[in-house]
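Nothing in this text is a laboratory measurement; each read-out follows from the coordinates by a stated rule. Keep in mind that this is a model prediction, so the values were computed, not measured. Neighbour counts run over all protein chains shown; Cβ positions are idealised from the backbone, glycine included.
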Amino acid sequence: MDLVKPTSGSSSVLGLDTQKDSLILKKLIGYLPGELMQFPGVTAGYILKLLMNMRGLANKSEMYKLSERLQLDLSRKFQDLSHGNKQKVSLVQAFMHKPKILILDEPTLGLDPIIQRELKLMMEEYVLLGNSVILSSHVLSEIESICNRIALINKGKIVRVGSLDELRSTRIHKVTAVIAGTMPKRSEVESQNAEAVLLGEQFISFQIRGSIDPVLKLLAQYQVIEFDSRELSLEEVFFSEVGVY
């Protein structure tokens, strides 16, 4: 968005230089910032019409359609709106000029579940038209349900990039078992490549990469009364990648 000036290097979006072609790119990008601007004394409708005029947009039908879908009351003053309704104003302004790329920072923040679902539908429809959404969120379950390509970032560095299936390609499983009687020793389980082993009074849980057959054969020597194995969620994949269990 050319809001931060680089000390070195370059970047491009849609084949255009983000500094030299900044004004052109702003016409092609819809941007939802993490921090909202404040507009005292004016209504939500006034703000959106002002932004439309700045973009040279005469047809207001898209603004009204988006506001209706997000249940935004355009007649209310911006300063009186809840955070969720202020978020709706920012979402409408990001979508209303039909950009080629949407950059959304924590887009569902403050939205109720019904509006979150509607926003997800809006993004899916937008992508089906051949556009792209770059979505940043700390809610990893949200990323898991929406995005088809994911970048895991830790301390400002990209850790891994890929689809959810690709991020799970190492086949990490989370295993939990309830055992009656004698419990296996931690060293026994770890010898079968298990990680993050947690031993309770009558249960054991751990993560394992690749085949779970060796550890299954180990557990078969004990009286297992409950057993659960599943692939890691995106949140668990992230913690695994950064070494936090």
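A few notes on this one:
- Under 5 Å, built H, 5+ apart or other chain: amide partners of ASN154: VAL159
- With neighbour counts taken as other beta-carbon atoms within 10 Å, the residues ILE179, ILE212 rank, fewest first, as ILE212, ILE179.
- Gaussian network model of the chain, Cα within-10 Å springs - most flexible of PRO107, PRO184, PRO99: PRO184
- Alpha carbon centroid spacing (whole Å) that separates region 116-178 from region 41-86: 29
- Its alpha carbons give the chain an Rg and a Dmax of 24.2, 75 Å.
- Residue with peak Gaussian network fluctuation, the chain [Cα springs, cutoff 10 Å], from TYR222, TYR64, TYR126: TYR222
- Fewest-first ranking of LEU167, LEU28, using other Cβ atoms within 10 Å as the exposure measure: LEU28, LEU167
- Shown for MET96, MET183: other C-beta atoms within 10 Å of each C-beta, ranked fewest to most, produce the order MET183, MET96.
- Computed [θ] at 222 nm, deg cm²/dmol, the chain (DSSP H ≥ 4; -39,500 (n - 2.57); rounded to nearest 500): -10000 deg cm²/dmol
- Ordering of 43-52, 65-74 by burial proxy (mean other Cβ atoms within 10 Å per residue, highest first): 43-52, 65-74
- DSSP bridge orientation in the chain - percent antiparallel, rounded to nearest 5: 75
- A Gaussian network model of the chain, with springs between Cα atoms under 10 Å, assigns the largest mean-square fluctuation among ILE208, ILE101, ILE225 to ILE225.
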